[in-house]
Amino acid sequence: MSRNDKREEKGGQRLTKLMKTIPGTILDYDRDQIAEVEIHCREGKPYAEVMWMGDLHIGHREFARSQLLKYLLFLKMNPDIFVVGMGDYFESVEFTHYFPDADTAMKYQVQEFIKMFTPIKDQMLAMVYGNHDERFATASQGAIDLLEYLILKMGNKDIKIAPPQRGLLLVLKIINGDGKITQVYPVYVHHSSTGATVNLEAQFKRTEDNFQVPLIVHGHTHKVFWKERTFFSVAGDNGHYYRAIMRRFWLSSGSFLKFAGYAEKGSMQVPDVKAPIVRFYADRNLLQFIDPVTEYADYLEPSEPGKANTEAMYQRLTEEVNVSDIKIEPVRPFCPKCKSAKIISKGTEWQCGDCHRRWVKEISSNIKERIKKNGHH
C-alpha cells in the first residue's frame, strides 16, 4: 500500500469516527467559511488573548477617535494580543444625490483605517463586513472587495475575511509555552444587522439555533454584552459516562461611536465605547471575559486626552504609514439615456437624478472602462 493510500485510509477512518460521533452531513468538505488560526499564549501566561474590535464608524462626527487611538497604541505595545475586526469600520454613506462628495469621503475613511491599523496588522486574525461597509460593496457593484483591498494595503494577506453578509467560523488553535497546540476553540463571528438592540439575548438566541459552538461574537449593537449559558450534556471519563454541565458564551463587541443622532432620536441605549477581550486558556477548556478598561487601566484610562494629546497619539501611531497610493473611489454608472453622473442607488436598481430613468444594476461597459482606468481589479 502506497503512502497516499495509507493517508486516504486514515482520513476515511477519521471521517467515519466523526460521523459516528456527530450525526449529520459533511458539506462537500466545505471550508470556505472556516478559518483555522494558530495563536500563541501571552508570554508567561497559560492563555491567549483576543480583542474583538468593531463598529468604529470612522468618518462619523461622533467617531470616538481618541479612545480608538488609545486602544491601538495599547495593542502596539502588547504585540501578543490578537484582534478580530467586527465590521462597520467606516461610516460610509448612502450613495445618493444628498451626498455628492461620497466618493471622496469614503477614500478619506479608508485612508484613516489603513494608517491606524497597519501598525498592528500582524496581530489581526480576521475581519468581517458590517452593514455600513456593505454600502460600499453595493455602490461599487462588486468591482472591489473592500476587505481584500484593506488587507492588501495593510500588508498582511494572512488576515482571514468573510464576504458581505456572511459570518466566519474561526477555529482558534491555542499554542502553549512549549509550542504545542493544547486546546481548540471554534468561534462564530458575525457583525449582524438585527434590530434587537435592546433585547440582546433574542439576537444571540437566533444565532445559537444555527451555530453550536463554544463562543458566538456579534457586533452592531454598540454594547458590550457577555452572557454564559449552561446546559446538561454527557461527558466520558475513563470509559464511564457522566452527566455534565456544559457552557456556551455570547459576546457583543461594543463600539467606538459615541451617541449618534439616530440613536438619540430613537431613545436607544448609550453605547459602550470599548473593545472587549476574551482569554482562551491552553491548560484547560476555559474562556474568560476581560474588560480592558479595568484589567489594563494603566494603558486605557477612560479620560479624554484633549486635542493636543490626541494628535500626538495619532502621529506616534501612524508616522511610518504611507497612504498616498490609496485608490478606493467606488465606480458608478452614467445614465444610459441622458449620460448624467447623478446616479441614485435604489436597492437592486439605479435611478438617474436628472431624467429619473431606472435600470437594473449590472456592471455595464462604461463601468468596466472606469474600473480599468482607475486600476481596480
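Legend: distances between Cα atoms for 115/327; 115/157; 153/339; 121/180; pairs beyond 22 Å are 153/339; 121/180.
Size estimate for the stretch 165-263 follows the Kirkwood approach: the inverse of mean 1/r over distinct Cα pairs works out to 15.7 Å. Computed packing ranks the peptides 235-244, 82-91, 174-183 as 82-91, 174-183, 235-244, most packed first, by mean other Cβ atoms within 10 Å.
How much net charge surrounds residue 354 when only the other residues with a Cβ under 10 Å from the Cβ of residue 354 are counted, with Lys and Arg +1 and Asp and Glu -1? Value of the local net charge: +4.
Once phi is turned into ³J(HN,Hα) by the Karplus curve 6.51 cos²θ - 1.76 cosθ + 1.60 with θ = phi - 60°, what whole-Hz value does each residue of the stretch 174-186 show in order, with x for glycine and proline? Computed from phi, the couplings for the stretch 174-186 are 8, 9, 7, x, 8, x, 10, 7, 10, 9, 10, 10, x Hz. Each DSSP beta bridge with both residues in the stretch 29-328 is either parallel or antiparallel, and the antiparallel ones are about 55%. Neighbours of residue 289, meaning other residues whose beta-carbon lies under 15 angstrom from its beta-carbon, give a summed charge of +2 when Lys and Arg score +1 and Asp and Glu score -1. Here's how it looks for residue 183: its modeled amide H is under 5 Å from those of 174, which are all 5 or more places away or on a different chain. Sorting 34-45, 269-280 by average packing, meaning the other beta carbons within 10 Å per residue, from highest down gives 269-280, 34-45.
Since every read-out is calculated from the coordinates, none of them should be taken as a lab result. Keep in mind the model is a prediction, meaning the values are calculated, not measured. As a convention, Cβ positions derive from the backbone with ideal geometry for all residues, glycine included, and neighbour counts pool all protein chains shown.
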